């Protein structure tokens, strides 16, 4: 049986960096194993955004874990979406939760969690965590692997 090629708008072609998260397009592809519970993880250790008050850059290590249902996020579109925050002014909490909500809206996964491990500015690191419900029983949910702040890097 032939499988249908997924419809993607960015993979396999040159794609410009989106100007903002609102303008960024996220693609999804069918999950080839919708009958299997498993965890997919994306890690973005060089995430950047802009402080909406000072205009200074903020840096974070973002970890995204999800248990797919029918859809997977296409990784190039996710990379471009995350990069679109580079010139976006928002507080740490807003960036982290907005990313999570957008992905949950796109994918409708069994489970989703995001950890935003923000590097300190003004002497205070801010780590932001958001998840939907409980991870399904039997799915290995490893630690996100980012130590509490003691001078990351």
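Quick note: the coordinates plus some simple rules give every number you see, no bench work behind them. What you are looking at is a predicted structure, and each value in this text was computed from that prediction instead of being measured. Using ideal geometry, Cβ is built from the backbone for each residue, glycine included, and neighbour counts are taken over all protein chains shown.
General remarks:
- Candidates 130, 118, 140: whichever shows maximal mean-square fluctuation once the chain is modelled as a Gaussian network with Cα springs under 10 Å: 140
- Segment residue 131..residue 22, full-extension length gain: 37.1 nm, with 0.36 nm per residue of separation and the alpha-carbon distance subtracted.
- Antiparallel content of DSSP bridges confined to the stretch 8-102, in %, to 5: 90 percent
- Going from the residue with the fewest nearby Cβ atoms within 10 Å to the one with the most, 124, 62 rank 124, 62.
- Helical contribution to [θ] at 222 nm, DSSP H n ≥ 4, -39,500 (n - 2.57), averaged over the chain, rounded to 500: -5000 deg cm²/dmol
- Mean shadow area of the chain, taken as a quarter of the surface of its Cα convex hull (nm²): 10.3 nm²
- FRET efficiency for residue 108 and residue 43, using Cβ-Cβ distance with R0 set to 25 Å, rounded to 0.05: 0.65
- Compared with the dominant Cα axis of the chain, that is its longest principal axis, helix 92-107 is turned about 10°.
- Principal semi-axes of the equivalent ellipsoid, √(5λ) from the alpha carbon gyration tensor of the stretch 67-153, are 24, 18, 11 Å from largest down.
- Euclidean distance between Cα centres, the stretch 43-81 to the stretch 104-119, Å: 10 Å
- Choice from 66, 81, 38 with maximal GNM fluctuation in the chain (Cα, 10 Å cutoff): 38
- Note on the chain: with a GNM built from Cα contacts shorter than 10 Å, the maximum mean-square fluctuation among 105, 123, 115 falls on 123.
- Ranked list, fewest to most other Cβ atoms within 10 Å of each Cβ, for 43, 36: 36, 43
- Cubic angstrom per residue, convex hull over Cα atoms of the stretch 64-111: 70 Å³
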